[in-house]
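All remarks here apply to the structure that follows.
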Amino acid sequence: MEEILRAIEEKDTKKVANLLYYKVDDLSDEDLKEALEKAEKLALECRDFELYKLVVYYYHELLETDKIHEFEKIVEKEDNFDAKFNLADLYFLIGEFEKSLDIYRQLLEEETEKGNMENIAKVYYNMGLIHEELQEYEKALELMEKAKELLEELGKEEELLHVRIYSGYIKFEMGEISEAKADLAEVFRQVRNKPSLKAQVHLAYEEIFEEEDNYDGAFQECFYAMLEAKNSEYEDVAFDAFIDVIWQLMVEDNFELIYKNMDMFSKGIPEMGDFFEAIKAIALYKDGKIGLEKASEAVSKVKDRRLLDLLEFLSEAEA
């Protein structure tokens with residue numbers, strides 16, 4: 001909490017947004033309310049609508065406080081791309097897809113008239129995300145292709161690679177698995193010095209291997225993704241993918257595959273070694289290989305409350 005308040009005092013809006021994203025689950029309701037109130041004032045003072053979107057989203061999701069109408073009024077007053085774009089993204093985050101698409105269509109008209117290709121590419125990409133969420137994969141891929149064309153013309157290499165990764169993932173969702181693997185492999189060759197993008201490729205491959213019931217492959221991709229995503233916006237995404245694989249195997253009573261893979265994580269990511277050893281112990285216990293006392297001893301070494309809650313969640317998984 002102190003770190004968040006210090007960033008707010010320093011008026012570092014990007015740092016505030018990053019800290020809120022990573023630490024929001026650790027805050028009490030009282031601290032969260034205070035942090036959001038101060039961050040809201042800062043966002044409006046600095047006209048940082050990306051931070052404001054995040055604040056309004058957390059008000060809506062965590063405190064059940066509706067500030068969306070206030071955002072709408074601000075957008076009407078500001079009448080600029082940044083404010084409208086972030087309101088559309090907020091609608092997407094809360095599941096109001098048609099409202100989001102309406103704003104994006106309006107922005108496409110406005111930005112096309114202005115000839116602002118970079119903004120048009122952003123809109124095409126975000127519209128693609130919505131259609132992917134709606135399982136309208138062909139439309140999603142069409143929009144991603146439009147975004148790619150513009151980004152390539154603009155020479156925006158990093159953004160282009162990101163869209164290419166997501167396009168590969170959409171092809172996987174469409175059932176075009178061989179083509180998806182090939183597209184991702186082509187991108188991977190170009191992102192070897194870009195850890196965040198490498199993490200995204202590994203996460204896409206993890207989904208593919210999991211779909212093919214190749215859990216050894218899925219574990220390997222989770223491991224690579226967690227390494228590459230360290231201290232990036234994809235760190236939580238990679239960790240959640242790992243937890244999803246563990247959960248699925250627990251539900252399937254495939255305990256052996258879990259405990260045989262945990263040493264890789266313990267040795268490769270030693271700062272979380274106790275957590276991985278605890279997962280291994282739970283799997284061994286469920287498979288009848290060790291007793292409850294030994295499993296409990298391993299779990300007791302984990303001190304982080306969030307990780308302990310996850311261990312409890314995983315231990316309760318049943319077919």
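Structure above, values below:
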item: Selected residue [surrounded by 19 or more Cβ atoms within 10 Å (Cβ to Cβ) and under 22 Å from the mean Cα position of the chain (by Cα)] from Leu20, Leu27, Leu42; result: Leu20
item: Failed condition for Phe239, given (1) surrounded by fewer than 16 Cβ atoms within 10 Å (Cβ to Cβ); (2) at negative phi; result: (1)
item: Residues within the stretch 167-214 that are over 18 Å from Tyr224 (Cα atoms), of a type in the set (Ser, Thr, Tyr) and crowded, with 19+ Cβ neighbours inside 10 Å, tallied; result: 1
item: Unmet criterion (only one of (1) without any contact (Cβ under 8 Å) to a residue 40 or more places away in the chain; (2) in a helix (DSSP H, G or I)) for Leu257; result: (1)
item: Qualifying positions in the stretch 276-303 - within 26 Å of the chain's Cα centre (by Cα) and surrounded by 13 or more Cβ atoms within 10 Å (Cβ to Cβ); result: Phe276, Glu277, Ala278, Ile279, Lys280, Val302
item: Residues of the stretch 87-105 classified as in a helix (DSSP H, G or I) and surrounded by 14 or more Cβ atoms within 10 Å (Cβ to Cβ), total; result: 13
item: Candidate set: the stretch 74-122, residues that are without any contact (Cβ under 8 Å) to a residue 12 or more places away in the chain and touching a helix residue (DSSP H, G or I) at 6+ places or on another chain (Cβ under 7 Å); chosen: the one farthest from Val163 (Cα to Cα); result: Lys99
item: Given (1) surrounded by fewer than 18 Cβ atoms within 10 Å (Cβ to Cβ); (2) without any contact (Cβ under 8 Å) to a residue 24 or more places away in the chain; (3) under 30 Å from Val24 (Cβ atoms), index of the condition Phe71 fails; result: (1)
item: Residue in the stretch 152-164 that is closer than 27 Å to Ile246 by Cα and either surrounded by fewer than 19 Cβ atoms within 10 Å (Cβ to Cβ) or hydrophobic (A, V, I, L, M, F, W, C) (or both) present; result: no
item: Verdict on Tyr91 being of a type outside the set (Gly, Ala, Ser) and in contact with a Leu (Cβ under 8 Å, 6 or more places away or on another chain); result: no
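None of the figures in this text is laboratory data; all of them are computed from the coordinates on show. What you are looking at is a predicted structure, and each value in this text was computed from that prediction instead of being measured. With ideal geometry, Cβ positions are generated from the backbone for all residues, glycine too; neighbour counts draw on all protein chains shown.
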